[in-house]
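Read the structure below first, then the notes.
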Amino acid sequence: YAKQKGANHFSFYFDELNMNKAKLLILDNEMRKGIDNKQFTLMYQPKVCLTTNQVMGLEALIRWENEKLGYVSPNEFIPYAEESGLIIPLSELIIDLVCNDISYLHQSGFPNLQISINISGLHFQQYNFLQSIQTILERNNISAKNLELEVTERTIMNNDADTIRKLVRLKQLGFKIAIDDFGTGYSSLSYLVRFPIDFLKIDKSFIQHITAFADKQAVVDAIIQMAHRLNLQVVAEGVESIQQCNLLKNMGCDYIQGYYFCKPKRIDDIIDFLKIWEIEHQGWM
Ligand code: C2E
Ligand code: MG
Ligand code: MG
Ligand code: MG
């Protein structure tokens, strides 16, 4: 599968980043070393419930600071990791790091937060994806009910029978499933009916400038209504202002995530944020 897509993917990547071969070679080398040395870290960003004002969960977002390359955005290195296959060991490292932080959150008095992990399509499509994720959870003594998996439309559009089987099994195991960047993929909506999904995350491109453009509002409003008719909950990502927040609340959006409430932070800073949030929102309901 990777091979078949390889040529395209590479040229897309190459054009996008304007990288020469020498730089790609450095990236490849540094990523391999980085995975071995666990140079990758995670930041977390809260998702806030608009009806209770509680923090429902946190999204894990990978970060990479490298001595040769400096800070590299996941928008740059995740595509390369997928192209090179490094995404498999990297994903396993990410899930391991998340499990570690979940234990830490439990010890710190936050046992009920749902932690979401971005799952690469390539990892999801491995025949042993379920086995791979379960092994890591068991090793860390973490239950699937604490975890939400974010997959993109693109990931689940491929390979229907296998995808349904995996999603159904993940649900049985207790994972929640979210469709990330909703609205940016090849949106045949039929999969929403067939697949056992819990959340739609509306892509931030729809949220940006939402207060100024009636057509963006119409799209977001329609997504929320449709999702609710299908018993799905909606998360709006990239919410940066109180105006966006109020508009989404009036449309009945369930959760919001964005700089307006909190930028992604390392785990210790998130724990501080959560403690302050709890005090400030006590008795809010
Ligand atoms: P995503 O999963 O859609 O994550 C949301 C992105 O929006 C994150 O960028 C987050 O930092 C950013 N963001 C959050 N709030 C706001 C806001 O109010 N305004 C704006 N402008 N941006 C906001 P980030 O962390 O750079 O990640 C980019 C993408 O890289 C992610 O998009 C995801 O597709 C991928 N990614 C990140 N971490 C992982 C990971 O652990 N595994 C995999 N496979 N992919 C990851
Ligand atoms: Mg995500
Ligand atoms: Mg997203
Ligand atoms: Mg994205």
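Things worth noting here:
- Only DSSP H runs of four or more residues enter the estimate; each adds -39500 (n - 2.57), and after division by the residues of the chain the mean residue ellipticity at 222 nm equals -15500 deg cm²/dmol.
- Those trypsin sites (Lys or Arg not before Pro) in the stretch 203-285 that DSSP places in a loop and that have at most 15 other beta carbons within 10 Å: ARG266
- Intensity falloff of the stretch 144-285 expressed as log10 I(q)/I(0), Debye formula with alpha-carbon point scatterers, at q = 0.08 Å⁻¹: -0.25
- Modelled FRET efficiency - R0 51 Å, ASN246 with ASN140, Cβ distances, 0.05 increments: 0.80
- Listed peptides 173-184, 117-128, 62-73 by packing density, highest first (mean Cβ within 10 Å): 173-184, 117-128, 62-73
- With K and R counted +1 and D and E -1, the other residues having a Cβ less than 11 Å from that of GLU240 yield a net charge of +1.
- Alpha carbon convex hull of the stretch 132-179, projected area averaged over orientations, nm²: 3.3
- Bins of 5 Å from zero: percent of alpha-carbon pairs in the stretch 165-221: 4, 17, 22, 21, 15, 10, 6, 4, 1
- Equivalent-ellipsoid semi-axes of the chain, from the Cα gyration tensor, Å, largest first: 29, 23, 21
- With contacts taken as Cα pairs under 8 Å and at least 6 residues apart, the stretch 219-285 reaches a relative contact order of 28 percent.
- Extended-chain gain in nm, criterion 0.36 nm per residue less alpha-carbon gap, THR52 and ILE279: 80.3 nm
- Of all aspartates and glutamates in the structure, the ones whose alpha carbon falls short of 16 Å from that of LYS263, not counting any fewer than 8 places away in one chain, are GLU59, GLU237, GLU240, ASP272.
- The stretch 217-281 and the stretch 103-141: distance between their alpha carbon centers, rounded to Å: 23
- Over the stretch 70-182, the fraction of Cα-Cα pairs per 10 Å bin, rounded to whole percents and listed from the shortest bin up, is 13, 46, 33, 8, 0.
- Over 30 Å (Cα to Cα) - which of LYS145/LYS201; LYS68/LYS265; LYS176/LYS275 fall in this group: none
Read-outs: derived from the displayed coordinates by stated rules, not from any lab. Predicted model, so just to flag it, every value in this text is computed and none were measured. Here Cβ is always computed from backbone atoms with ideal geometry, including for glycine, and neighbour counts include all displayed protein chains.
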